[in-house]
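Working notes, structure below.
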Amino acid sequence: MDRRIRNLTYDELKSIVKTFDWSNQAIKKIKLAINACDNIVLEKDKRFRFWQTIYAVLWENNEAVDMGFKAYTKKYFYERLEAIQYHNKNCNSYCKVCEILDRWNNERKESRIYRECVVV
Ligand SMILES: [Zn+2]
């Protein structure tokens, strides 16, 4: 199976990134990036813009810095994506994963759009 990290869609990247533990500062940066990316028309431009932010915030993750960002994202991003996909198929109550994803859905109105993207 070809699991190249660059094949991840923007929506997949958004849900993956949400499952990691970030500092408040990083969360702020990621939210700004999501707002910007949601308004970009072309999928490849969305991905490019979002990856810039992912790489910027990964500097606060020691394991990612040690492994190198390419190796780190390759190792963990598909793993997280599979967990999210499994969750979306099987979750029928408000679980831990729902809670983690929900942390990002605050009062901002664009988060409503985001929620629709996550729960496919
Ligand atoms: Zn759930």
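Condition first: hydroxyl-bearing (Ser, Thr, Tyr) and over 23 Å from Val97 (Cβ atoms). Can you find one or more residues in region 20-37 that meet it?
No, region 20-37 contains no residue that is hydroxyl-bearing (Ser, Thr, Tyr) and over 23 Å from Val97 (Cβ atoms).
For region 7-58, which positions are in contact with a Lys or Arg (Cβ under 6 Å, 6 or more places away or on another chain) and either at pLDDT below 95 or among the aromatic types (Phe, Trp, Tyr) (or both)?
Once the filter is applied, which keeps residues that are in contact with a Lys or Arg (Cβ under 6 Å, 6 or more places away or on another chain) and either at pLDDT below 95 or among the aromatic types (Phe, Trp, Tyr) (or both), region 7-58 yields Tyr10, Thr19.
Filter region 70-120 down to residues that are over 21 Å from Ala26 (Cα atoms) and not in a helix (DSSP H, G or I) and give me whichever is modelled with the highest pLDDT.
That would be Cys91.
Would you tally the residues in region 1-33 being without any contact (Cβ under 8 Å) to a residue 40 or more places away in the chain and more than 23 Å from Asn62 (Cβ to Cβ)?
Counting residues in region 1-33 that are without any contact (Cβ under 8 Å) to a residue 40 or more places away in the chain and more than 23 Å from Asn62 (Cβ to Cβ) gives 6.
The values are calculated or read from the model by the stated rules, or taken from the named source; none is laboratory data. Remember, it's a predicted structure, so these values are computed and weren't measured experimentally. Note that each Cβ is placed from the backbone with ideal geometry, even for glycine, and that neighbours are counted across all protein chains shown.
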